1. Within the range A:204-225, track down each residue that is touching a Lys or Arg at 6+ places or on another chain (Cβ under 9 Å) and more than 15 Å from residue A:120 (Cβ to Cβ).
2. Can you tell me which of (1) touching a helix residue (DSSP H, G or I) at 6+ places or on another chain (Cβ under 6 Å); (2) more than 26 Å from residue A:804 (Cβ to Cβ) is the one residue B:72 doesn't meet?
3. Going by the conditions given, is residue A:530 aromatic (Phe, Trp, Tyr), within 11 Å of chain B (Cβ to nearest Cβ) and open to solvent by less than 50 Å² (accessible area, probe 1.4 Å)?
4. I'd like to verify a number: residues in the range A:146-164 that are aliphatic (A, V, I, L, M), open to solvent by 10 Å² or more (accessible area, probe 1.4 Å) and either at pLDDT 95 or above or within 16 Å of ligand 1 (Cβ to nearest atom) (or both), how many?
5. Scan the range A:539-562 for residues that are of a type in the set (Phe, Trp, Tyr) and within 10 Å of chain B (Cβ to nearest Cβ) and jot them down.
6. With the condition being among the hydrophobic types (A, V, I, L, M, F, W, C) and either without any contact (Cβ under 8 Å) to a residue 60 or more places away in the chain or within 16 Å of ligand 2 (Cβ to nearest atom) (or both), I'd like the helices (runs of 4 or more DSSP H) fully within the range A:711-815 carrying at least 3 qualifying residues.
7. Identify, please: which residue in the range B:21-47 is touching a helix residue (DSSP H, G or I) at 6+ places or on another chain (Cβ under 8 Å) and modelled with pLDDT under 90 and is, among those, nearest to residue A:807 (Cα to Cα)?
8. Residue A:352 - would you say it is in a loop (DSSP other than H, G, I, E, B) and over 30 Å from residue A:260 (Cα atoms)?
Amino acid sequence: MTKERLVVIGNGMAGIRTVEELLLRAPGRYDITVFGAEPHPNYNRIMLSPVLAGEKSFEQIILNGRDWYEANGITLHTGDRIEGIDRTAKTVTSVGGKTVAYDKLLLAIGSDPVVLPIPGKELPGVIGFRDLSDVEAMVAAAKTGTHAVVIGGGLLGLEAANGLALNGMEVTVLHLMGTIMERQLDEAAGWLLQAELEGRGIKIITKAQTEAILGDGKVQKVRLADGRELDADLVVMAVGIRPNTALGKLAGLEVNRGIVVDDRMVTSDPDILSVGECVEHRGQTYGLVAPLWDMAKVCADHLAGAPESAYTGTVSATRLKVTGVELYSAGTFGDAGTEDIVFRDGARGVYKRIVLRDNRIVGTVLYGDTKDGPWYFQLLKDAEDIAPLRDTLIFGQGAGAQAQDPFAAVAALPDTAEICGCNGVNKGTVVAAIRDKGCCSVEDVRTHTKASASCGGCTGLVEKLLACTLGDGYQAQTGPKPMCKCTHLAHDDVRRLIVIDKLKSIPAVMQALEWTTAEGCASCRPALNYYLMCAWPGEYKDDNQSRFINERVHANIQKDGTYSVVPRMWGGLTNASELRAIADVVERFQIPTVKVTGGQRIDLLGVKKEDLPAVWSDLNKAGMVSGHAYAKGLRTVKTCVGSEWCRFGTQASMSMGVKLEKMTWGTWTPHKFKMAVSGCPRNCAEATIKDFGVVAVDSGWELHVGGNGGLHVRATDLLMKVETEDEVLEVCGAFLQLYREEARYLERTAPWIERVGIDYVRARMEDVEVREALHQRFLYSQKFEQIDPWAERASGAVDNHEFAPLASLVPLAAE
Amino acid sequence: MNAMLPQSWVAVGRVTDIPRRGARVVKAPGGDIAVFRTGADEVYALRDRCPHGNGPLSNGIVHDRKVTCPLHGMVFDLTDGHSIGPDACQARTIPVRVVAGVIELGNPLYTETASA
Ligand code: SRM
Ligand SMILES: Cc1cc2nc3c(=O)[nH]c(=O)nc-3n(C[C@H](O)[C@H](O)[C@H](O)COP(=O)(O)OP(=O)(O)OC[C@H]3O[C@@H](n4cnc5c(N)ncnc54)[C@H](O)[C@@H]3O)c2cc1C
Ligand code: SF4
Ligand code: FES
């Protein structure tokens, strides 16, 4: 049986892809002949931009070399254009004089650059940007000329401009519209891109109407409608493409804007098919490669005898191929009835916009960070309902997918993905620890890899990795987490049992509650010490050895093992004698750094441990006490000048602050506790990011709680308004006591309130009996806690061993 | 490492001079030595420099036969100085013994000066 003959006109991307697809489906079914007008084998046209930019060689972009044609028995005629089709005889004829008969004919002849109908368009030096010869012409022009003008600020024009600039030309882009790449970009992204390209020395003139190209024998200038004239040794026209239809017209096929095909890629002649940029399908023409791949499959199906296959159109996405510019665009924007989600990061130059209609993505523009482009594009193509992802959608797949399927997102992360930012631990390391080191809990992973050992923000991720890696073998911890690996009980349970079972020492707790370690660890011991102290004021004896070094020696350890000393400055106020005493101490002990802190007092940094008692003694003599800058306890009470001095002040914030600090200093709390008092709503003391913030208003005081600076900034919730200073003090004491009794160790007021809810806290505070009782309990505990730890130690009576060496040895020789 | 050297011992103080689950420093020519007393009254000695970042181990929290460095929280086994967990490293141990309630360090001058 003789084979059917397939002739392909056009040795470009769509035609050869169709042949490849056909060879997969029906190898050997056809005798294939390919005619290509270009003198080259099939190459990747979209990579002409990197070739122009000098980033790739032509050899690197060849898709199928001549040996491929040979190996597949395909007859290839390059550099030979087909000029006629005889549909009755079923033959094609080339310019080179070849006539070849076909049973099936495939037209894949692409498109031509649009040439503006302006004077001078045919001058030498005016070219398009379509094939390798254009690239060669541009590179040659750059060798001899200086000025290039690119007409058209779309994808092609900008890639040409970038390439020409890289070839050393001074490039001006003329664009008719106000925004470059306006079909793919919105104004914001267009502006970012323009700024980037201008930064690379490319001049961009928008709203530029080109009127004429001037030159004597070759191009010399370009004139704009407003009269401006630009020097030009080369003009690249990149104002669009026009489907190549001439051959189809000549053959009498149905032609519109493109060669008309049906859903099977068949033209008006049943034996002639067509694919690529030359076709018009359902009224649509295309200018990107993605649709060609879909067309090629359908076309190959039909050639291979699978009649049910149909092409229904393609939505495509664009990336700009300019090295160093990240740009991704898909779908539409700017339509009526759509909503936007926008994210900007000015410092990083990131802009992201997602356009939604009825909770479905219809378009996206990403600039600066495009890694989620394909994901958005998939959601767009699938017309996925994004309502469940909406809150995190703009942050990308990691964030968004977690909300939907927490495990898929984690499983999809590459091994190099960073899990723990604090300790630089990536996914591969964590998975290896789980698989190879037998880690089966977050605690194990933490011990072996340090992941989640610092801020703990990645604990959830680590848990998911455990679940993904171990599958059913992972027993997720249900309910509240145990305090630490020494017990299976959670903080709240331990606290409850301490009270109910009247446990009054650390060993008693560990015994009664079946601790799994002998003496606990550095994490549960300080917590238990605090819980016991809070539960049994006056009865429990503080265990110094269960405290972190800073609380043990009442100063902050520094990276070099020295300490810092921060004396209390009530409400941020000081005076000459305090300052003089500080100055004397600094000189006497040669303290290297004196700094005003963010908490309105003075920090003496670099004090030797053994000098601490003497430093404190001197400060005590001037009336100063510990500022507890090291404590899980009351830190500072910041104030503004208030009505004492300020022309806007409505209440005496300084004295209010001092009263608060005098009442509360020395108290131990689950985490540090900071206060501030502002004299009016201008709030110069920043009271609304404090654990307890007081803001004066005309009628009294607003009390705010649960604020936090630090890693996760949180503004306060308004707790209530009160009228008198005494009420401020009472609510403050009651609030502190509620926090002391109910929050977990190392839980600041902000996360505590987020956990229990401000309504709960407010209800407790508004119940006068509860409030008074809390306040009384607070004042009672203060009897035992309001003792200056510095004075105790300066006297040499307490913890002397901390500051004096056990022994001092001298070198052998000297003995 | 000192096996071949004759061991000499220096008394530095009494066990009760150190708080349980605590440590004190012995100043020595080659650098400070941290002497630990566990909850069970055992005594161990390490050089008072965390191998991670020179943290003074004598300032850490002592739990069982371990100490947690005050600077970044690495945990060391007092018996052999090995760290527990990732980035294994080792704090230098100093020979120590208790004779009738008195703590003696083994040839600390030699070991310290030899490596300084
Ligand atoms: C000295 C000081 C910086 C300064 O020079 O200004 C400081 C220094 C330290 N801060 Fe701070 N913070 C200082 C004001 C602040 C402030 C501002 C304020 O208090 O108004 C904040 C934000 C407000 C807040 O706390 O919400 C602040 C938020 C933090 C945080 C984050 C807390 C959080 O809940 O996210 C930490 C880390 C922690 O506590 O775990 C921290 C931890 C630290 C530590 C203790 C780090 C450490 O563990 O060694 C630093 C001790 C240095 C030292 O030895 O003195 N520091 N720190 C400030 C002392 C104020 C004072 O007079 O007591
Ligand atoms: C510089 C540049 C950058 C691009 N960048 C991208 C991009 O980033 N992303 C993207 O999706 N798309 C991009 N494109 C578009 C993409 O290259 C085209 O969509 C794709 O090449 C079209 O394939 P085609 O087969 O239809 O046409 P072509 O690849 O142009 O193939 C048609 C072939 O037919 C030949 N031919 C024409 N008439 C005859 C005849 N009578 N006889 C014989 N042979 C004939 C032509 O010489 C040509 O080789 C870019 C295009 C260019 C020029
Ligand atoms: S911000 Fe605070 S914790 Fe960070 S370096 Fe400064 S003082 Fe230290
Ligand atoms: S210095 Fe000890 S853990 Fe860093």
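1. Residues satisfying the conditions are A:205, A:208.
2. Tallying (1) touching a helix residue (DSSP H, G or I) at 6+ places or on another chain (Cβ under 6 Å); (2) more than 26 Å from residue A:804 (Cβ to Cβ), residue B:72 fails exactly one: (1).
3. In short, no.
4. Residues that pass the stated criteria total 0.
5. A:548 - this is the single residue of the range A:539-562 that is of a type in the set (Phe, Trp, Tyr) and within 10 Å of chain B (Cβ to nearest Cβ).
6. Once the helices (runs of 4 or more DSSP H) in the range A:711-815 are filtered for at least 3 residues that are among the hydrophobic types (A, V, I, L, M, F, W, C) and either without any contact (Cβ under 8 Å) to a residue 60 or more places away in the chain or within 16 Å of ligand 2 (Cβ to nearest atom) (or both), what remains is A:725-742, A:749-756, A:758-766, A:768-785.
7. Only one residue tops the list, namely B:28.
8. For residue A:352, the condition - in a loop (DSSP other than H, G, I, E, B) and over 30 Å from residue A:260 (Cα atoms) - is not met.
The values are calculated or read from the model by the stated rules, or taken from the named source; none is laboratory data. Being a predicted model, the structure only gives us computed values, none of them experimental. Cβ atoms come from the backbone with ideal geometry, glycine included; neighbour counts cover every protein chain shown. The area values use the complete protein model at the heavy-atom level, side chains included, leaving out ligands, DNA and RNA. Shrake-Rupley method; radii C 1.70, N 1.55, O 1.52, S 1.80 Å.
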